[in-house]
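The values are calculated or read from the model by the stated rules, or taken from the named source; none is laboratory data. Note that the coordinates shown come from a computational prediction; the quantities given were computed from them, not determined experimentally. Because the Cβ atoms are built from the backbone with ideal geometry, glycine has one as well, and the counts that use them run over all protein chains shown. Note: areas computed on protein heavy atoms with side chains; ligands, DNA, RNA excluded. Shrake-Rupley method; radii C 1.70, N 1.55, O 1.52, S 1.80 Å.
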Amino acid sequence: MAGRTFAAIGIGSTETEMKVFEFETRRGMREIDWVSRRLNLGLDAYTLGRISQENINDLCETLNDFRRIMEGYKVESYRVCATSAFRASRNMSIMRDYIEKQTGLTIEVLSNSEQRFYDYKSIASVTEEFENIIQNPAAIVDIGGNSIQISLFDNDKLITTQNIRMGNVSTREKLIPLLKNPEHFVKLVEELLGHELEGFNKLYQKDRQIKNLIVVGGNLTELIHSFEKEGKQIPSITAAQFQKLYEEIIPLEPDEIAWKFDIAPEKTSVIMPSVVFCRCMMEHFGVETVWLPGFSLADGLAYDYGEKKKYIRCVHSFEEDIIAAARNISKRYKGDPAHVKNLEAIGLKVFDKMKKIHGLGKRERLLLQISIILHNCGKYISLENVSECAYNIIMATEIIGLSHTEREMVAFTVKLNTSPFEYFAELSQNTNLTEEQYLIVAKMTAILRIINALDRTHRQKCKNASVSLKENELQIVVESQEDLTLEAGTFREKADFFEEVFNVRPVFRQKKKF
């Protein structure tokens with residue numbers, strides 16, 4: 001191949017697919033092959049709590065076929081990522097080890113927030129059109145086998161992302177024993193999802209009218225082949241067109257849907273729930289246009305790979321989306337934005353000046369920033385037990401783009417900011433963090449502690465801080481005319497731990513202007 005090749009394999013609830021991409025300087029990212037196989041892993045996982053041996057063997061056979069295709073293309077790099085069916089399996093670790101031994105491929109099991117972030121990146125690969133869509137209130141709806149993820153955008157900013165435990169596989173299996181007829185299924189789904197959407201509306205949507213619904217997953221793309229794409233890279237239909245489609249599909253049996261819309265029969269079982277989900281959200285949100293990009297996890301993995309390798313230029317800032325999500329969590333729990341802004345300014349300066357000492361990178365800088373944004377969220381629940389409450393809030397709240405492990409690192413950093421520090425032998429009893437990840441937590445905690453001391457009163461008395469590293473001393477100089485006795489005393493209390501972690505003594509100085 002003339003360009004650089006990459007293979008992305010997504011192991012989903014109902015389908016396992018591989019896409020092979022080529023990256024070229026002029027053309028950017030280009031899909032050169034796509035293969036898939038219907039494997040209903042989710043049916044096992046969501047009903048039995050484990051994937052059957054028959055399906056595991058079929059998956060091994062499929063992955064070995066994919067591996068041979070990769071060898072034919074001389075693929076330079078690959079990623080194999082599994083989603084909710086693996087997460088829902090009690091025997092996930094045993095199963096993954098067996099499959100890896102049989103195929104020679106390494107499998108990553110994505111957390112829900114990671115999975116949805118890559119699905120979101122797949123849409124953003126059509127950058128210009130995506131940017132135009134999210135200028136107005138828009139929702140990305142990711143319909144999976146076990147849940148629906150709703151990510152709300154407005155003015156190019158991510159407002160929130162929430163997960164609803166209703167998927168097209170799990171919901172269908174739960175409701176089948178209760179059904180009287182197809183219309184009864186629609187009624188039950190609308191009742192269940194309608195209740196969840198009312199809560200979403202009160203907490204997050206509020207007065208926003210969501211004009212655009214971008215639907216990922218659910219096998220809905222095949223249904224709109226009869227509608228004009230109007231030259232758009234992302235196919236779309238109006239709300240009226242979707243309503244017409246909905247009315248045509250609802251009375252049909254699965255085999256009739258397959259025949260009428262030329263869809264593989266094995267896909268029709270999940271299409272009906274997906275159509276009902278989509279129709280229900282359109283009605284609740286007041287949607288004008290439904291966008292069905294037809295992308296998948298594999299597209300998002302490839303886009304992420306090309307972005308990190310600098311093979312493609314990313315216009316949309318995904319890092320800003322993660323930060324925006326953290327700010328909205330802080331806002332929900334009545335965080336102090338002026339206090340956070342002040343600490344961010346000082347904390348990121350300290351991180352940058354200490355780069356040669358701590359050896360951390362861009363990702364850890366982001367985790368520190370999120371820790372700063374969320375460090376006071378526990379006060380919403382308890383003024384006495386802030387650290388433990390903050391830890392529980394962060395662990396219970398998805399932050400799109402962060403893995404479960406990264407979220408846990410942030411949670412421990414926030415917790416240890418004010419509670420007694422736990423060393424690895426003690427901490428490892430309550431977490432699966434590795435020693436390397438623990439050291440990152442220790443470094444972030446040391447930074448958070450000293451900068452938090454500089455705004456102990458939340459009055460932002462320490463502004464315009466300059467930070468410099470001279471030999472084994474980190475000097476933080478602030479301009480202030482106010483009495484900083486309390487800040488200086490608190491800073492000295494936190495300095496010993498900072499020095500223990502970095503072998504650098506932090507020094508706080510006040511500069512008064514006359």
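Side notes on the structure shown:
- Which listed residue is out of contact with any Gly (no Cβ under 7 Å at 6 or more places or on another chain), in a helix (DSSP H, G or I) and modelled with pLDDT under 95, from ARG492, ARG509, ARG456: ARG492
- Some residue of the stretch 370-387 being of a type outside the set (Val, Ile, Thr), in contact (Cβ under 8 Å) with a residue 60 or more places away in the chain, within 17 Å of ARG327 (Cβ to Cβ) and open to solvent by less than 10 Å² (accessible area, probe 1.4 Å): yes
- Taken over the stretch 366-395, the criterion of being of a type outside the set (Ser, Thr, Tyr) and outside any helix (DSSP H, G or I) is satisfied by HIS375, ASN376, ILE381, LEU383, GLU384, ASN385.
- ARG68 falls short on exactly one of the conditions (1) of a type in the set (D, E, K, R); (2) surrounded by 18 or more Cβ atoms within 10 Å (Cβ to Cβ); (3) closer than 19 Å to GLY104 by Cα, and that condition is (2).
- Unique residue being surrounded by 15 or more Cβ atoms within 10 Å (Cβ to Cβ), without any contact (Cβ under 8 Å) to a residue 40 or more places away in the chain and in contact with a Cys (Cβ under 8 Å, 6 or more places away or on another chain) when the list is ALA390, ALA411: ALA390
- Odd one out for ASN219, checked against (1) open to solvent by less than 20 Å² (accessible area, probe 1.4 Å); (2) within 28 Å of ARG38 (Cα to Cα); (3) modelled with pLDDT under 85: (1)
- The test for being of a type outside the set (Asp, Glu) and open to solvent by 60 Å² or more (accessible area, probe 1.4 Å) does not hold for ARG79.
- Restricting the stretch 163-197 to residues that are open to solvent by 40 Å² or more (accessible area, probe 1.4 Å) and either modelled with pLDDT of 85 or more or within 22 Å of TRP291 (Cβ to Cβ) (or both), the residue that is farthest from the chain's Cα centre (by Cα) is LYS187.
- All conditions but one from (1) closer than 22 Å to GLN205 by Cα; (2) surrounded by fewer than 22 Cβ atoms within 10 Å (Cβ to Cβ); (3) hydrophobic (A, V, I, L, M, F, W, C); (4) at pLDDT 90 or above apply to ALA326; the one that does not is (2).
- The condition of being in a loop (DSSP other than H, G, I, E, B), under 22 Å from PHE21 (Cβ atoms) and either aromatic (Phe, Trp, Tyr) or touching a strand residue (DSSP E or B) at 6+ places or on another chain (Cβ under 7 Å) (or both) holds for VAL75.
- Entry remark, the stretch 165-190: residues being under 13 Å from PHE277 (Cβ atoms) and of a type outside the set (Phe, Trp, Tyr) number 13 in total.
- Failed item in (1) open to solvent by less than 30 Å² (accessible area, probe 1.4 Å); (2) touching a strand residue (DSSP E or B) at 6+ places or on another chain (Cβ under 7 Å); (3) under 15 Å from GLY144 (Cβ atoms), with PHE200 passing the rest: (3)
- Qualifying positions in the stretch 37-54 - under 28 Å from the mean Cα position of the chain (by Cα) and assigned to a helix (DSSP H, G or I): LEU41, GLY42, LEU43, ASP44, ALA45, TYR46, THR47, LEU48
- Checked against (1) open to solvent by less than 30 Å² (accessible area, probe 1.4 Å); (2) in contact with a strand residue (DSSP E or B) (Cβ under 8 Å, 6 or more places away or on another chain); (3) among the aromatic types (Phe, Trp, Tyr), PHE318 meets all criteria but (2).
- Between ILE399, ILE372, ILE440, the distinction of being under 22 Å from the mean Cα position of the chain (by Cα), at pLDDT 95 or above and within 19 Å of LYS334 (Cβ to Cβ) belongs to ILE372 only.
- Residues being surrounded by 16 or more Cβ atoms within 10 Å (Cβ to Cβ) and of a type in the set (D, E, K, R) - total across the stretch 457-488: 2
- Cβ-Cβ under 8 Å pairs, at least 6 apart or on other chains, the stretch 261-281 side open to solvent by 10 Å² or more (accessible area, probe 1.4 Å) and at pLDDT below 80, far side among the basic types (Lys, Arg) and assigned to a helix (DSSP H, G or I): SER269/ARG172
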